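Quick note: the coordinates plus some simple rules give every number you see, no bench work behind them. Since we're looking at a predicted model, the values are computed, not measured. Heads up, the Cβs are rebuilt from the backbone with ideal geometry, glycines too, and the neighbour counts pull from every protein chain shown.
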Ligand SMILES: O=C(CO)[C@H](O)[C@H](O)COP(=O)(O)O
């Protein structure tokens with residue numbers, strides 16, 4: 001079954017708790033939290049304090065995507081704040097196995113993510129260790145960008161490795177996901193769709209989530 005992870009980057013930050021409860025009622029599976037540092041990506045967003053303050057407002061897993069340099073410095077604080085998944089960029093981790101182990105040691109599920117231009121081979125040797133693989137379908141930093149369709153081949157490649165090696169990690173995609181692009185991703189093997197504008201910029205979030213799941217074609 002396809003999962004939906006609305007990205008709060010496109011929510012109204014003045015009422016985050018209410019926004020999160022709205023998408024939880026609307027059928028969201030995870031709450032996706034975009035952490036940006038103004039160095040790895042050209043935008044600054046959320047720190048552990050915000051994660052801690054939204055944690056009591058939902059039962060859903062908090063799926064925390066670290067778009068930051070030196071993620072090892074901040075992993076304990078995000079785990080302590082209540083992150084369920086912590087996902088780090090291969091591009092920011094020279095000692096990736098150590099960073100993935102640090103996430104697990106802090107009690108969170110571990111994810112790895114690559115940018116659209118990074119080849120899937122860069123994460124092939126870490127796949128045994130992770131709970132989640134996030135394939136960016138835009139260059140990270142902002143909501144509302146256009147889906148980069150070349151990434152679909154990469155979803156297929158990672159899904160093929162997962163099947164051959166009988167691994168259990170989820171494949172998540174993020175960026176430009178809507179009714180048109182969702183099916184391309186799920187057909188290629190994606191399980192979790194991150195959607196920011198396509199959910200939070202719509203008046204009826206429940207309807208928006210339903211439309212994406214139906215378009216993805218794997219409602220059950
Ligand atoms: O990681 C992100 C940006 O770096 C966001 O999660 C992503 O862009 C979601 O926004 P949209 O669905 O509007 O493209």
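Of the residues making up the stretch 128-153, those that are in contact (Cβ under 8 Å) with a residue 40 or more places away in the chain and touching a strand residue (DSSP E or B) at 6+ places or on another chain (Cβ under 7 Å) are 131, 132, 134, 135, 137, 140, 141, 143.
Selection of the stretch 128-169 for residues being more than 16 Å from the ligand (Cβ to nearest atom), surrounded by 14 or more Cβ atoms within 10 Å (Cβ to Cβ) and over 13 Å from residue 188 (Cα atoms) yields 129, 130, 131, 167, 169. Among the residues making up the stretch 115-127, those that are buried (at least 19 other Cβ atoms within 10 Å of the Cβ) and touching a strand residue (DSSP E or B) at 6+ places or on another chain (Cβ under 6 Å) are 115, 123.
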